[in-house]
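To start, the structure under review is shown below, and the notes come after it.
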Amino acid sequence: MLAKEFKLKNSEDIKATLKEGRRSRGQNLSVFFRSVPAGQFQAAVVISKKVAGTAVMRNRVRRIIFAELAKLLSALADRAAGSMVVLVSRIPEDEKLLTPELTLCLKQLLLI
């Protein structure tokens, strides 16, 4: 799981990242990244109720994505000082398929 100091909690920062950040889109999710010169790496996962109707499903997917980001944290923290928002647009049958897609999006953004 991603440590608390690496989670992006401020809604204003999330909105700014979605509006101004670079974007990489996959089949099931989009990754937005905005560089912040004097900051550390922080991430948020956004999943709409329309995408996953129950809180159980939303939290399961959120935990899977945060766990993958925690694995990649050393590479991300070295290369990227800024805020990242992972926007899940669709949940596949097997939620584990989101992790290779997340890695691909991060590679497209040149973050890993």
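Residues in segment 7-38 that are within 27 Å of E93 (Cα to Cα) and either among the basic types (K, R) or in contact (Cβ under 8 Å) with a residue 60 or more places away in the chain (or both): K7, L18, R23, S24, R25, G26, Q27, N28, L29, S30, V31, F33.
Here is a yes/no grid of residues against (1) more than 22 Å from L110 (Cβ to Cβ); (2) β-branched (V, I, T):
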{"site": "S11", "(1), (2)": "yes, no"}
{"site": "A38", "(1), (2)": "no, no"}
{"site": "K49", "(1), (2)": "yes, no"}
{"site": "M57", "(1), (2)": "yes, no"}
{"site": "V61", "(1), (2)": "yes, yes"}
{"site": "L73", "(1), (2)": "no, no"}
{"site": "G82", "(1), (2)": "no, no"}
{"site": "L87", "(1), (2)": "no, no"}
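Taken over segment 39-55, the criterion of being touching a residue at least 12 places away in the same chain (Cβ under 8 Å), within 11 Å of S89 (Cα to Cα) and more than 15 Å from the chain's Cα centre (by Cα) is satisfied by V51, A52.
Values quoted throughout were computed directly from the atomic coordinates according to the rules given, and no laboratory measurement underlies them. Computed from a predicted structure; not experimentally measured. Reconstructed Cβ throughout: ideal geometry from the backbone, glycine too, with neighbour counts over all protein chains shown.
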